[in-house]
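The values are calculated or read from the model by the stated rules, or taken from the named source; none is laboratory data. The shown structure was predicted, so the numbers you read here are calculated from the model rather than taken from an experiment. All Cβ positions, even for glycine, are placed from backbone atoms using ideal geometry, and neighbour counts span all protein chains on display.
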Amino acid sequence: MQIIDGKATAKAIKEEIRQEVDSIVSAGHRPPHLAAILVGHDGGSETYVAYKIKDCEEVGFRSSLVRFEEDVEEQVLLNKIKELNNDEELDGFIVQLPLPGHIDEPKVIETINPQKDVDGFHPENVGRTVIGLPSFVSATPYGIVELLKRYQIETSGKNCVIVGRSNIVGRPLSILMSQKSINATVTVAHSRTKNLEELCASADILIAALGSPGFIKKEMVKEGAVVIDVGTTRVPSTETKSGFRLKGDVIYDEVAPRCSFITPVPGGVGPMTRVSLLNNTLRAAKNNISG
Ligand code: NAP
């Protein structure tokens, strides 16, 4: 069994990005610039945005944070997005989700210029991904595919079962895994799937993205399978300073011995998600340079 080290892989990719930034700046261009819009003061969202800004610093990107209070009017937010769409000093931006209930999230996403949509959530980017055109792919699926490639995991003709069909993980990942460059045979499972245990046990590549800690038990995993654990649920812990720790969807200790490859939580998919946003921003910056 080999542990897929997302943390080390992300570190290596960050170094590659940092070198590309050096070349961009040496050629007389400004560094890539990412902005984040944060609405309200949700603890999780604050943490994620802080990480994104720190990641930018580490690779030499510029970053900007635009903050609004929880009760911001939808139109004010949309106006800011339109302003960022036209800001030539900015390559890409994200709107940290979830947004407060009074704001129409799809409308917000559709207002983002697809060429600056480095989260890859705009329908134009999703549609382009579906038909295999160049696009910004959302960070978690992008990161998972990159991990499989870097670990040279055979995907062609393999049975891939993805548990979860969200717009940010399961569904786009199913599209990527079935593309001609990857060639897996994909099944997407969800809360109405029957015989889930047998289905999972038939997978050569099992990707758990449901957000239910410890859901995947050893009986659900075929001997020699590749297991990717996307789940990150915060559970209370007395052992950490923050008072919580992250738990995956897979019971790691009992599943790992059966696997050929497995991602841990934390240190698996999470760091790759973060680095994928940097990759998308770098691409946006290069697109701007080449016009
Ligand atoms: P989500 O929007 O809540 O979607 C969960 C999906 O799992 C849904 O499609 C749901 O089915 C399915 N599901 C839930 N319970 C199930 C069950 N008992 N059996 C079968 N399917 C079930 O979640 P998400 O945003 O995709 O996130 C999933 C997990 O990944 C969460 O733990 C999240 O924190 C984590 N995550 C991690 C990263 C990272 O970077 N590591 C990034 C994003 C998300 P229905 O559609 O039928 O409701």
Complete set of residues in the range 216-235 that are in contact (Cβ under 8 Å) with a residue 40 or more places away in the chain, within 12 Å of the ligand (Cβ to nearest atom) and surrounded by fewer than 23 Cβ atoms within 10 Å (Cβ to Cβ): Arg234
Hits in the range 156-179 - residues which are over 22 Å from Phe121 (Cα atoms) and not aliphatic (A, V, I, L, M): Ser156, Gly157, Lys158, Asn159, Cys160
Count of the range 249-272 residues which are in contact (Cβ under 8 Å) with a residue 24 or more places away in the chain, of a type outside the set (Lys, Arg) and assigned to a helix (DSSP H, G or I): 8
Only one of Ile168, Ile153 that is in a loop (DSSP other than H, G, I, E, B), of a type in the set (A, V, I, L, M), more than 16 Å from the ligand (Cβ to nearest atom) and under 28 Å from Ser260 (Cβ atoms): Ile153
The range 118-134, residues that are surrounded by fewer than 20 Cβ atoms within 10 Å (Cβ to Cβ) and either in contact with a Lys or Arg (Cβ under 6 Å, 6 or more places away or on another chain) or β-branched (Val, Ile, Thr) (or both): Val130, Ile131
Residue identified as among the hydrophobic types (A, V, I, L, M, F, W, C), within 11 Å of the ligand (Cβ to nearest atom) and crowded, with 18+ Cβ neighbours inside 10 Å among Val255, Val269: Val269
Criterion (within 9 Å of the ligand (Cβ to nearest atom), more than 19 Å from Ile168 (Cα to Cα) and either of a type outside the set (Ser, Thr, Tyr) or not in a strand (DSSP E or B) (or both)) met by exactly one of Thr193, Thr238: Thr193
Scope the range 273-291; condition more than 16 Å from the ligand (Cβ to nearest atom) and either in a helix (DSSP H, G or I) or touching a residue at least 40 places away in the same chain (Cβ under 8 Å) (or both); matching residues: Thr281, Leu282, Arg283, Ala284, Ala285, Lys286, Asn287, Asn288, Ile289, Ser290
Tally, over the range 1-43, of residues that are modelled with pLDDT of 95 or more, acidic (Asp, Glu) and more than 24 Å from Leu148 (Cβ to Cβ): 1
Test result for Leu246, closer than 18 Å to Asp5 by Cβ and touching a strand residue (DSSP E or B) at 6+ places or on another chain (Cβ under 9 Å): yes
